[in-house]
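The block underneath contains the structure these notes are about, expressed in structure tokens.
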Amino acid sequence: MAHSDVWFDDGNVVLAAGGQAFRVYKGLLSKSSAILAERLSAPRSTVVEKFEDCDVVRLRGDHPVDVSRVLEVIFYGLE
């Protein structure tokens, strides 16, 4: 299920956590967070899950509310 607040139609990576999906920009995530940069650059198996030509990165163990809050700060700033 796409998360309506953090879903960019032209994004180039999909993060999935707990049944929620977030389509965002890999470069901006990598510049904003060393942890996400490491996660996004980690070697992946030859079988890569895709959604509309975007790699899907599964964030196992991360709660979707937590992922949403972090992404909202990265993409929209603090309110």
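The values are calculated or read from the model by the stated rules, or taken from the named source; none is laboratory data. Predicted model only: the values in this text are computed from it and were never measured. Here the Cβ positions follow ideal geometry from the backbone for every residue, glycine too, while neighbour counts run over all protein chains shown. Please note that ligands, DNA and RNA were not included when accessible areas were found on the heavy atoms of the full protein model with its side chains. Shrake-Rupley method; radii C 1.70, N 1.55, O 1.52, S 1.80 Å.
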Do you know which residues across region 27-59 are out of contact with any Phe, Trp or Tyr (no Cβ under 8 Å at 6 or more places or on another chain), in contact (Cβ under 8 Å) with a residue 24 or more places away in the chain and not aromatic (Phe, Trp, Tyr)?
-> 29, 32, 33, 40, 54, 55, 56, 57, 58, 59
So which residues in region 4-14 are buried (at least 20 other Cβ atoms within 10 Å of the Cβ) and more than 14 Å from residue 52 (Cβ to Cβ), if there are any at all?
-> 6
Specify the residue that is nearest to residue 20 (Cα to Cα); the eligible residues are those in region 46-79 that are among the aliphatic types (A, V, I, L, M) and part of a loop (DSSP other than H, G, I, E, B).
-> 59
Identity of the residue in region 38-54, on the phi < 0 side of the Ramachandran plot and modelled with pLDDT of 90 or more, that ends up surrounded by the fewest Cβ atoms within 10 Å (Cβ to Cβ) | 50
Give the number of residues within region 52-79 that are more than 17 Å from residue 34 (Cα to Cα) and touching a Ser or Thr at 6+ places or on another chain (Cβ under 8 Å).
-> 0
Which condition does residue 31 not pass, out of (1) outside any helix (DSSP H, G or I); (2) open to solvent by 80 Å² or more (accessible area, probe 1.4 Å), if it passes all the others?
-> (1)
Among (1) open to solvent by less than 70 Å² (accessible area, probe 1.4 Å); (2) under 13 Å from the mean Cα position of the chain (by Cα); (3) of a type outside the set (Ser, Thr, Tyr) - the single one residue 70 does not satisfy | (1)
